[in-house]
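Heads up, the thing below is written out as structure tokens.
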2 protein chains.
Amino acid sequence: MGDTERVTTLFGVRYPVVQAGMIWCSGWRLAAAVSNAGGLGVIGSGSMYPDVLREHVRKFKEASSMPFAVNVPMLYPDVEKHMATIMEERVPIVITSAGNPATWTSRLKDAGHIVVHVVSSVKFALRAQEAGVDAVVAEGFEAGGHNGREETTTFVLVPLVAQALAIPVIAAGGIASGSAMLAAQCLGADGVQIGSRFACAAESSAHGAFKQRVIDAKEGDTTLTLKELAPVRLLHNPFYQQVQEAYRSCATVEDLKALLGRGRAKRGMFEGDLVEGELEIGQVSAAIDRIQPAAEILAEIMSGYRRALQAMARTADTSAGS
Amino acid sequence: MGDTERVTTLFGVRYPVVQAGMIWCSGWRLAAAVSNAGGLGVIGSGSMYPDVLREHVRKFKEASSMPFAVNVPMLYPDVEKHMATIMEERVPIVITSAGNPATWTSRLKDAGHIVVHVVSSVKFALRAQEAGVDAVVAEGFEAGGHNGREETTTFVLVPLVAQALAIPVIAAGGIASGSAMLAAQCLGADGVQIGSRFACAAESSAHGAFKQRVIDAKEGDTTLTLKELAPVRLLHNPFYQQVQEAYRSCATVEDLKALLGRGRAKRGMFEGDLVEGELEIGQVSAAIDRIQPAAEILAEIMSGYRRALQAMARTADTSAGS
């Protein structure tokens, strides 16, 4: 069973809840709201130009004195500039994803940052641990956005990673409630990362039309696709249907790249173009039913967690004799 | 949180653990070993001729006086004959899958059988409840063998189904340990169904070479494929590579049907042909590391469950003041 204190101590936060760094959703407003409410707020730098990231970090600092992180997808073309900003601005925690953790971890650690790496397999989790990261986020197939090729789900991935690693493990993918957080802890997670539900927070910078589409989403409305490029979980919409049509007509990788083009995620999630945009969200969107302030989301998750934990304790009492 | 007593009371068993009815693995030997150890043993009729099913039911009765079930995939060509055998032999519990629960539920209920239906979505779960089944098995994307088209994982599916239904919910997919069983209960499951681990039981009728391949399986070694026919999760082997090759060359549904042919599952799982056979198993095969008697598997799962529950209760005590 996971130990939530390992995560709260590492990050210096009250609750073992990390808000996922999501492109076009998680600027300083969302991150500050989460950090001020006791979680770990994360600025998602993958959709930001270098100067925009600096602006968000500074605005965060004006809005909150609590710990926070910046998420950096290492495939980002200007990754050097982002890392320079992070070091200059003394961002306490860096969450790296989509790349080799060996490239940046020791430089960041030497500069005094806490480093977390996102993984989708035990193999990459072990590699991250060897690279010296402080913790990993183990992200299952059900998570939104970019995802691993192995398609291992949260239920299978988290116990395997938790068993293999000595460092703390944060579970991601499919988690939007306190009882799911407790379930992740049963599987060995020391904390959780929550994306989709915070994408629908009032403070999320996503377009209102995108948030409403997420709220309306039913089970089966998302699919992990474009595996030949970089696997990504998308909400079904006319653009997704075009991708399916391309597969049916046996599209090549080049065809898929041409179809995807550039800027589709911004168009969908930030500009609210639900027809031509790329709409990244997790399977758990099926369980999300309203826009709420981030603090309210976090409070609900924590009270749900405590209720579930107390229910567990009562079950343990009842079955003590069996 | 799920209530395990709902499942133990419904089936009249000691533990809320259902052994999955798996083709070529679960004959009377495995089912009797599980039922005698306190779980619900299940004969998988999908790979049996009608007279073979009758023989297995009779042999079960000689080997055990405990409750048991027969699993019937309703796409089975001789489903009428299987149902006649089940009624004549007064099999106490019937688990139906892969078809419309309305077709058989009321006839089975009128004849005094307990009926359970396997679902992969809330939509089908509600349909099963309306048809009058006594419980559902909610099976996630990570499960082995045939699976839903929505690709909803256990972590996302179980809470949605448990919230929508009044009848008991049994979680399936990704569960092979006591802590995973407790996690499923956190998500709302009243019991669990375990397949892959029992496929490797000493009493499983699968070929030894198949069991060894499952034990050797690492994460990422299974994939849900052949979605245009009926989605099925397969272990990677030369046959699976042929399927991938067919996709790369833009195979039609007819091409895929021709490639699959007939009898591949028997060839792989029962005859041990790891090259040309179809090897059905769940993602959790990555966590299975040995062949054990079914009673030992069940005892380990239950002691792991109790340990996890006690650890939870201690956490609840510690965090009571927070």
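The values are calculated or read from the model by the stated rules, or taken from the named source; none is laboratory data. What you see is a predicted model, and the numbers here were worked out from it, not measured in a lab. So basically every Cβ, Gly included, is an ideal-geometry build from the backbone, and we count neighbours across all protein chains shown.
For segment A:122-160, give me the residue count where each residue is in contact (Cβ under 8 Å) with a residue 40 or more places away in the chain and either among the hydroxyl-bearing types (Ser, Thr, Tyr) or assigned to a loop (DSSP other than H, G, I, E, B) (or both). Quick ask: steps written out before the conclusion?
Filtering segment A:122-160 for residues in contact (Cβ under 8 Å) with a residue 40 or more places away in the chain gives A:122, A:125, A:134-135, A:137-139, A:141-149, A:151.
Checking which are either among the hydroxyl-bearing types (Ser, Thr, Tyr) or assigned to a loop (DSSP other than H, G, I, E, B) (or both) leaves us with A:134, A:141-144, A:147-149, A:151.
Matching residues across segment A:122-160 total 9.
Looking at A:Met22, is it in a loop (DSSP other than H, G, I, E, B) and under 27 Å from A:Gln129 (Cα atoms)? Break it down stepwise before answering.
Details: in a loop (DSSP other than H, G, I, E, B): yes; under 27 Å from A:Gln129 (Cα atoms): yes.
It is true that A:Met22 is in a loop (DSSP other than H, G, I, E, B) and under 27 Å from A:Gln129 (Cα atoms).
For segment A:222-265, give me each residue that is part of a loop (DSSP other than H, G, I, E, B) and farther than 18 Å from B:Glu150 by Cβ.
The initial filter retains those residues of segment A:222-265 that are part of a loop (DSSP other than H, G, I, E, B), namely A:226-231, A:236-237, A:249-252, A:261-263.
Scanning segment A:222-265 gives A:Leu226, A:Glu228, A:Leu229, A:Ala230, A:Ser249, A:Cys250, A:Ala251, A:Thr252, A:Gly261, A:Arg262, A:Gly263.
Looking at (1) assigned to a helix (DSSP H, G or I); (2) surrounded by fewer than 24 Cβ atoms within 10 Å (Cβ to Cβ); (3) more than 10 Å from every other protein chain (Cβ to nearest Cβ), which one does A:Gln163 not meet, given that it meets all the others?
(3)
Yes/no matrix, rows are residues, columns are (1) closer than 29 Å to A:Val17 by Cβ; (2) aromatic (Phe, Trp, Tyr); (3) modelled with pLDDT of 95 or more:
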site	(1), (2), (3)
A:Gln242	no, no, yes
A:Ala251	no, no, no
A:Ala286	yes, no, yes
A:Glu296	yes, no, yes
A:Ile301	yes, no, yes
A:Gly304	yes, no, yes
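Given the residues B:Gln185, B:Gln193, which is the only one that is polar (S, T, N, Q), in a helix (DSSP H, G or I) and at negative phi? Let's see the steps before the verdict.
Numbers: B:Gln193 fails: in a helix (DSSP H, G or I).
Exactly one of B:Gln185, B:Gln193 is polar (S, T, N, Q), in a helix (DSSP H, G or I) and at negative phi, namely B:Gln185.
Which one is surrounded by the most Cβ atoms within 10 Å (Cβ to Cβ) among residues in segment A:280-297 that are within 14 Å of chain B (Cβ to nearest Cβ) and of a type in the set (A, V, I, L, M, F, W, C)? Explain how you work it out, then say what you get.
Within segment A:280-297, the subset within 14 Å of chain B (Cβ to nearest Cβ) is A:281-289.
Narrowing the set further to residues that are of a type in the set (A, V, I, L, M, F, W, C) leaves A:281, A:284, A:286-288.
Working: A:Ile281: 29, A:Val284: 31, A:Ala286: 26, A:Ala287: 19, A:Ile288: 23.
Within segment A:280-297, the match that is surrounded by the most Cβ atoms within 10 Å (Cβ to Cβ) is A:Val284.
Of all residues being touching a residue at least 12 places away in the same chain (Cβ under 8 Å) and among the polar types (S, T, N, Q) in segment A:250-290, which is farthest from A:Phe155 (Cα to Cα)? Just the residue, please.
For segment A:250-290, the residue satisfying everything is A:Ser285.
Could you tell me whether B:Gln193 is surrounded by fewer than 18 Cβ atoms within 10 Å (Cβ to Cβ) and among the polar types (S, T, N, Q)? Break it down into steps so the answer makes sense when it comes.
Values: surrounded by fewer than 18 Cβ atoms within 10 Å (Cβ to Cβ): no; among the polar types (S, T, N, Q): yes.
It is false that B:Gln193 is surrounded by fewer than 18 Cβ atoms within 10 Å (Cβ to Cβ) and among the polar types (S, T, N, Q).
Applying the selection to segment B:28-54, what residues are buried (at least 22 other Cβ atoms within 10 Å of the Cβ) and aromatic (Phe, Trp, Tyr)?
Scanning segment B:28-54 gives a single hit, B:Trp28.
Could you count how many residues in segment A:105-121 are assigned to a loop (DSSP other than H, G, I, E, B), of a type outside the set (S, T, N, Q) and within 23 Å of A:Ala171 (Cβ to Cβ)?
1
Give segment A:21-41 a look and list any residue that's under 22 Å from A:Ser303 (Cα atoms) and touching a Ser or Thr at 6+ places or on another chain (Cβ under 7 Å), or say none. Give the derivation first.
Initially, segment A:21-41 is screened for residues under 22 Å from A:Ser303 (Cα atoms), giving A:30-41.
A:Leu30, A:Ala32, A:Ser35, A:Asn36, A:Gly41, listed by residue number.
Please state which one of B:Gly304, B:Gly268, B:Gly277 is in a loop (DSSP other than H, G, I, E, B), farther than 20 Å from A:Thr225 by Cα and either within 13 Å of chain A (Cβ to nearest Cβ) or not charged (D, E, K, R) (or both).
B:Gly277
Let me confirm something: among B:Ala184, B:Ala172, which residue is crowded, with 23+ Cβ neighbours inside 10 Å, within 11 Å of chain A (Cβ to nearest Cβ) and closer than 25 Å to B:Pro77 by Cβ?
Numbers: B:Ala184 fails: closer than 25 Å to B:Pro77 by Cβ.
Exactly one of B:Ala184, B:Ala172 is crowded, with 23+ Cβ neighbours inside 10 Å, within 11 Å of chain A (Cβ to nearest Cβ) and closer than 25 Å to B:Pro77 by Cβ, namely B:Ala172.
What single numbered condition from (1) among the hydrophobic types (A, V, I, L, M, F, W, C); (2) within 17 Å of the chain's Cα centre (by Cα); (3) more than 24 Å from B:Lys59 (Cβ to Cβ); (4) not in a helix (DSSP H, G or I) fails to hold for B:Ala180?
So the condition that B:Ala180 fails would be (4).
Considering B:Arg149, B:Arg90, which residue is in contact with a Pro (Cβ under 7 Å, 6 or more places away or on another chain) and basic (Lys, Arg)? Reasoning before the result, please.
Values: B:Arg90 fails: in contact with a Pro (Cβ under 7 Å, 6 or more places away or on another chain).
Testing whether each residue is in contact with a Pro (Cβ under 7 Å, 6 or more places away or on another chain) and basic (Lys, Arg) leaves just B:Arg149.
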